[in-house]
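Student: Structure below; questions to follow.
The values are calculated or read from the model by the stated rules, or taken from the named source; none is laboratory data. Computed from a predicted model, the values in this text were never measured in an experiment. Cβ: placed from backbone, ideal geometry, glycine included. Neighbour counts: every protein chain shown.
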Amino acid sequence: MEKRYYETLKETVYYQKLANGLQVYLLPKPEYNKTFATFSTHYGSVDNQFIPLEETEFITVPDGVAHFLEHKMFESPKGDVFQDFAKYGASANAFTSHDVTTYLFSCTNNLIENLELLLDFVQEPYFTPENVEKEKGIIGQEINMYEDNADWRIYQQTLAQLYPEHPVGIDIAGTIETISGITDETLYRCYHTFYHPNNMLLFVIGNFDIEAVSHFIQHNQQQKTFAEPQQIERFEVQDKTQPLGKKLALTMDVSMPKVMIGIKNQDVDGIHPRQQLKNELAYDFMLDFLFGSSSKNYDQLLASGVINDSFGYSQTNDPGVGYTLMSTDTEQPEAFMEAIQKIVTTFDPTSIEAPTVERFKRKNMGQFIRSLNSVEFIANQFTRYAFNGMNIFEVIEIMDEITKEDLVQAFDNFKNQDNWAYTLITSAE
């Protein structure tokens, strides 16, 4: 295996790309008791148009297939896979995002047995017309549950306003109507295209013997037959529409109104992964500077009663998709929207002084390094970065490169209120 040492964080990662295309990363942590493993495919809810493996024409599949497929992978002719993991003392789970599906487990013992379970159940699909129909009812209940969740609704509706022409604006689980069109054939076509080892990544972190784990993984994969590795042809959607300050009002059973502001980043295409990561970090710095709990703006918003401790913000900066979200529960939703607008329109990013940038660097570096104490955080973030051509262990190095000019550039997109959208949820009463 190739040994990669990262001096800044004193971390050593062992990497190997197997003959079938599977990328394997091992990060030993002998001081930890727990081991955490993720087996991920670069496939999520946005991949609804593609050319299936060994075919030549694009197809469109129903919304929600990636999430539906994740559910079905845990069913096998032998029974429930979760019970098998429990037998070996492991806690297993899975999740589907817009661009990644991940299967995972954590354990303190029986690592090889649990790794075998993980690799085998993900690489041995079992779909039938009967079990697919049964799953539609189960996922339908999940969809209805999220429809009744105000926090999820406001998030999803804001994305839909920002991206009306991109599948990122569609619920990851799809709708009752779209999943009704999913068949076992649909699942197999998607599975064989996106679950090929050449499109997957295995990451193991914790207390384990490197040689033993590496040998087992290679042996396990050598016993299986896969089609020749092939580049996946995905239909790349570019949504350059501007939300133009649209407001969407919904009514739900909420004790206090909820409001979310979404800001669409128009500059997300054709960027080198390292620059993309730098842009993402610059956005984080800027948001922290403007709205962080230690900022003057935060104190004023809190004192005026416009926000409470539910206030939060986040940003996503992936290839083709970038956005910032700010939200709060408040009895003054209009005042909240106006206050955020005023803060942004009156702020001069050139007023940020160099010592302030350095202070935010140190603060964010410290927070990031503390996050690295979690094997779950490292495993999940490592995969997300790797699929986007970035490296989690270069974050500190890139943070240190951020300048005042990077923050000014990040703010240029942020201040254009044609890129803003608003979603408000109030009680029907």
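Student: Specify the residue that is nearest to P28 (Cα to Cα); the eligible residues are those in the stretch 372-415 that are β-branched (V, I, T) and without any contact (Cβ under 8 Å) to a residue 60 or more places away in the chain.
Tutor: Looking at residues that are β-branched (V, I, T) and without any contact (Cβ under 8 Å) to a residue 60 or more places away in the chain, I get I392.
Student: With Y188, Y146 as the choices, which residue is in a helix (DSSP H, G or I) and within 22 Å of P52 (Cβ to Cβ)?
Tutor: On inspection, the qualifying residue turns out to be Y188.
Student: Only one of these is farther than 30 Å from S427 by Cα, part of a helix (DSSP H, G or I) and of a type in the set (S, T, N, Q): N413, N373. Name it. First the steps, then the outcome.
Tutor: Numbers: N373 fails: part of a helix (DSSP H, G or I).
None of the others qualify; the one that does is N413.
Student: Just to be sure I understand, how many residues within the stretch 289-337 are small (G, A, S), assigned to a loop (DSSP other than H, G, I, E, B) and within 18 Å of the chain's Cα centre (by Cα)?
Tutor: 1
Student: Same structure again: Check K240, K224, K264 and return the single one that is within 25 Å of N413 (Cα to Cα) and either modelled with pLDDT of 95 or more or in the same structural domain as R359 (by TED's automatic domain parsing) (or both). Reasoning before the result, please.
Tutor: Numbers: K240 fails: either modelled with pLDDT of 95 or more or in the same structural domain as R359 (by TED's automatic domain parsing) (or both); K224 fails: within 25 Å of N413 (Cα to Cα).
None of the others qualify; the one that does is K264.
Student: Can I ask one more? Just name the residue that is surrounded by the most Cβ atoms within 10 Å (Cβ to Cβ) out of those in the stretch 226-271 that are assigned to a strand (DSSP E or B), among the aliphatic types (A, V, I, L, M) and over 20 Å from the mean Cα position of the chain (by Cα).
Tutor: V259
Student: Is the stretch 153-167 home to any residue that is farther than 18 Å from V46 by Cα and either β-branched (V, I, T) or touching a residue at least 40 places away in the same chain (Cβ under 8 Å) (or both)?
Tutor: So in the stretch 153-167, the residues farther than 18 Å from V46 by Cα come out as 153-154.
Going one step further and asking which of them are either β-branched (V, I, T) or touching a residue at least 40 places away in the same chain (Cβ under 8 Å) (or both), we end up with 153-154.
Among the residues of the stretch 153-167, at least one is farther than 18 Å from V46 by Cα and either β-branched (V, I, T) or touching a residue at least 40 places away in the same chain (Cβ under 8 Å) (or both), which makes the answer yes.
Student: May I ask you to verify whether S327 is over 20 Å from L248 (Cα atoms) and of a type in the set (S, T, N, Q)?
Tutor: In short, no.
Student: Of everything in the stretch 121-143, what is of a type in the set (S, T, N, Q) and outside any loop (DSSP other than H, G, I, E, B)? Give them in sequence order.
Tutor: N131, Q141
Student: Let me ask another. Counting just the residues of the stretch 324-343 that are surrounded by fewer than 18 Cβ atoms within 10 Å (Cβ to Cβ) and in contact (Cβ under 8 Å) with a residue 40 or more places away in the chain, which one comes out nearest to N308 (Cα to Cα)?
Tutor: E331
Student: Which of the residues spanning the stretch 9-39 are under 13 Å from N198 (Cβ atoms), of a type in the set (G, A, S) and either out of contact with any Pro (no Cβ under 8 Å at 6 or more places or on another chain) or in a strand (DSSP E or B) (or both)?
Tutor: Correct list: A19 only.
Student: Further, regarding this structure: Right, T41: buried (at least 16 other Cβ atoms within 10 Å of the Cβ), under 23 Å from I139 (Cα atoms) and among the hydroxyl-bearing types (S, T, Y) or not?
Tutor: Taking the combined requirement at face value, the residue satisfies it.
Student: Output the residue which, of all residues in the stretch 381-410 that are over 22 Å from the mean Cα position of the chain (by Cα) and in a helix (DSSP H, G or I), is nearest to Q266 (Cα to Cα). I'd like the intermediate steps shown before the answer.
Tutor: Kept after step one, since they are over 22 Å from the mean Cα position of the chain (by Cα), are these residues of the stretch 381-410: 397, 400-409.
Among the residues that remain, those that are also in a helix (DSSP H, G or I) are: 397, 404-409.
Working: E397: 26, K404: 21, E405: 19, D406: 16, L407: 16, V408: 16, Q409: 13 Å.
The residue in question is Q409.
Student: Does N297 meet the test of being closer than 30 Å to D99 by Cβ, free of Cβ contacts under 8 Å to residues at least 60 places away in the same chain, surrounded by 14 or more Cβ atoms within 10 Å (Cβ to Cβ) and out of contact with any strand residue (DSSP E or B) (no Cβ under 7 Å at 6 or more places or on another chain)?
Tutor: When the stated conditions are applied, N297 does not pass them.
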